[in-house]
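Shown next, in structure tokens, is the structure this report addresses.
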Amino acid sequence: MFHKSKKSLGQNFLKSQMVVKKIIEAGEITPDDIILEIGPGKGILTEKLLEKSKTVIAVEKDNQLFDFLKEKFSEQILNKKLILINEDILKFDYLGALPLNDSLETFPKGLTLKKSQRSDLGERSNFDCKLGYKIIANIPYNITGAIFQKFLTAENQPTSIVLMVQHEIAKRILDKKESLLSLSVKAYGEPKIIMKVPARFFSPAPKVNSAIISIKNISRNFFKDPEVRPLELLQGLTSGLTFEKKFWQIVRAGFAHKRKKLSGNLREKFLLKGLTLKKSQKSDLLIKIPQLTLPEIFQKEKIPLNSRAENLNIDQWKKLVKYF
């Protein structure tokens, strides 16, 4: 099949079986696994995923590729090995859109689903939100961050993720100099670069090299801590923030201005004249006012006062957030 890649969809098709083998090995797939593949393209990775797993759920946004895959994998669709969905992964409701047991036969046109048929699922859909699944995919690079945010913070997190991403993005995630991206991955799982993948292994060849990255042991355990107490009343208002939400609120504030010191960013966002909460923040930032000043907090946690947000590792961030 000839298919002209679409820049708007970030399409660069993998063409190396050696790289596919490395992705499959990194996924540690068992015969009982359910795999969510994002952007299957022409199906080079899909073929191997189908051989190793119990079920593959492939979500393809491109209408032409969807029709091609429907024909190419007609047998696997018929025998319920493959669920093929024509949808934008960022709009895909995986909690409420996937019947994975006896209701499979109710899928329109076998086990394929066009965007126009999304409404047909409604009452028939009974996806078990506690059902474990893995994400293994060669994704469009322009939605890498959005995919991490959608699935790592989801109620129904995958147990592991193996993705092809830009090499520079993979290095940023593993870098000791932290960023919002690296922290957002490390807080939920254990990232590791499997291998660098040169641009020549894709068609068309992208302008940058790629890398296979795996994220194992995905959970919210990082945010569970017996020392974390319920947030106190703040000027008559009870905060509904969980520690997870509060953590990201503080971290985003810390990275608000990269050239500024962390203490300055936090003071500008939350504090005015010592420990007085800014009036403009009282309605939406219902956090606990620290009993210590920022210099005292930094000194107690052995964080240099001139530190920038990127200098703190994830455990230091957790200790810092507990004061708010």
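Each reported figure results from applying straightforward, stated rules to the coordinates on display, with no laboratory input. All values reported here derive from a predicted model rather than from experimental measurement. Glycine gets a Cβ as well: all are built from the backbone with ideal geometry, and neighbour counts include every protein chain shown.
Other residues lying with their Cβ under 11 Å from the Cβ of Ala26 contribute a combined charge of +3, Lys and Arg counting +1, Asp and Glu -1. Pairs exceeding 18 Å between alpha-carbon atoms, taken from Lys70/Lys91; Lys48/Lys80; Lys22/Lys134; Lys54/Lys80: Lys70/Lys91. Database remark: amide H of Phe13 closer than 5 angstrom to the amide H of Ser203 (H placed geometrically; neighbours at sequence offset of 5 or more, or on other chains; Pro and chain starts carry no H).
Net charge in the neighbourhood of Ala256 (other residues with Cβ under 10 Å of its Cβ; Lys, Arg +1, Asp, Glu -1) is +3. Quick check: from the Cα gyration tensor, does segment 31-93 come out rounded (a/c under 1.5), prolate or oblate? In terms of gyration-tensor shape, oblate.
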